[in-house]
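The values are calculated or read from the model by the stated rules, or taken from the named source; none is laboratory data. Bear in mind that the values here come from a model prediction, so they are computed numbers and not experimental data. Virtual Cβ from ideal backbone geometry, glycine too; neighbours counted across all protein chains shown. The protein model used for the area step is the full one, side chains on, heavy atoms only, and it has no ligands, DNA or RNA in it. Shrake-Rupley method; radii C 1.70, N 1.55, O 1.52, S 1.80 Å.
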Amino acid sequence: MYKKIGIIGALGEEVEELKMSISDPVITKKAGMEFFEGKLNDKNVVVVKSGVGKINAAVCTQILIDTFEADLIINVGVAGSLRNEINIGDVVIATDVVNHDMDATGFGHPLGEVPNMDKTYFEVNEKLLSKAVEVCEKVNTDITAFKGRILSGDQFISDRAKKDWLIETFDGYCTEMEGVAIGQTAWLNDIDFLVVRAISDKADGSAEIDYNDFKEAAIEHIVKLIVELVKEV
Ligand code: ADE
């Protein structure tokens, strides 16, 4: 069992309900972020809004590890679907995560590979992944839970051609802006991580409108999953 779970969302909406579910939280401010520490379903957790993008997420993860001694980091939030069968509201749980905007091909590295780390895909612990899928299917019977590769980059994807390129290049299930920063930082610190994302849009020309219309409803599935999952890991 993990001793303390750090839960990161990039946006206020992505963590608001989880923060409110902690009774008598202790709030600590660091790097412009507010860390809400306490019990969620009897488990020690720290819930925090990191801000958008990979740098914010990496800084936040390192603080959770160093200052709060979290031994599992879970990234929650929304994402754009990269597969026809994955619909708005569905949940994708990462098998692995990749920097889709890492390009050192000029030095002979494959797209996505972090030079000198010889690493492209950061993998999730298989037991943790299976547990998350099992819990998601139990608590969210109205949607489909997928497990697959999640792509991250400092880009909101809202263009069909870019979406097609991402699919061809990395064969991902969905795309977002933080997951790999959390996965890579966790890997560097030798601790476990999980990325769970609800689909808010299709990462194409309609992404901006769908994102605004559906992100809050989509995140409800993640909240249900996390409240149950923290008890079981
Ligand atoms: N988060 C939600 N939708 C997204 C998209 N289309 N691109 C990047 N991040 C997202």
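Modelled this way, with points 7 Å down the Cα-to-C-beta line, the labels at residue 52 and residue 127 are 3.8 nm from one another. Of the peptides 197-207, 169-179, the order by per-residue mean of other Cβ atoms within 10 Å, starting with the highest, comes out as 169-179, 197-207. Here the dipole of the stretch 100-233 is about 300 debye; that uses its Cα centre as origin and unit charges on the Cβ of Lys and Arg (positive) and Asp and Glu (negative). Using the 1.4 Å probe convention, the accessible area of the chain works out to 43 Å² per residue with neighbouring protein chains retained.
Candidate cross-link partners of residue 127 among the lysines, defined by an alpha-carbon separation under 27 Å and a same-chain spacing of 8 or more, comprise 3, 4, 19, 39, 43, 49, 54, 119, 138, 147, 224, 231. Comparing 72, 166, 188 in a Gaussian network model of the chain, where Cα atoms under 10 Å apart are tied by springs, the biggest mean-square fluctuation is seen for 188.
With charges only on Cβ, +1 for K and R and -1 for D and E, what is the dipole size of the chain about its Cα centre, in debye, rounded to 20?
Values: 24 positive and 41 negative charges, 93 e Å.
Here the chain has a charge dipole of around 440 debye.
Calculated FRET efficiency, residue 20 and residue 116, Cβ-Cβ r, R0 41 Å, to nearest 0.05? E between residue 20 and residue 116, to the nearest 0.05, is 0.45.
Over the chain, what is the relative contact order in percent, taking alpha-carbon pairs closer than 8 angstrom and at least six residues apart? Mind dumping the intermediate values first?
Values: 532 pairs, mean separation 63.7, N = 233.
Across the chain, relative contact order equals 27 percent.
Here's the picture: charge each Lys and Arg Cβ at +1 and each Asp and Glu Cβ at -1 in the stretch 5-232, and of 203, 25, 76 the one pushed furthest to the positive end of that dipole is 25.
Calculate, in nm to one decimal, what residue 30 and residue 213 gain on full extension: separation in residues at 0.36 nm each, minus their alpha carbon distance. Show your work: numbers first, answer last.
Values: separation 183, 0.36 × 183 = 65.88 nm, distance 3.17 nm.
Here the segment from residue 30 to residue 213 would lengthen by 62.7 nm.
With R₀ set to 30 Å, the beta-carbon distance separating residue 101 from residue 4 gives a calculated FRET efficiency near 0.45.
Taking the dipole about the Cα centre of the chain, with the C-beta of Lys and Arg at +1 and of Asp and Glu at -1, give me whichever of 52, 6, 158 is farthest to the positive side. The residue sitting most towards the positive pole is 6.
Toward the positive end of the charge dipole of the chain, with +1 on the Cβ of Lys and Arg and -1 on the Cβ of Asp and Glu, the farthest Cα among 174, 100, 186 is that of 186.
Cross-link partners of residue 215 among aspartates and glutamates, defined as those whose alpha carbon lies under 14 angstrom from its own and excluding same-chain residues fewer than eight positions apart: 13, 14, 16, 17, 90, 176, 201. The distance linking the stretch 195-209 with the stretch 58-97 is 14 Å (Cα centroid to Cα centroid, whole angstrom).
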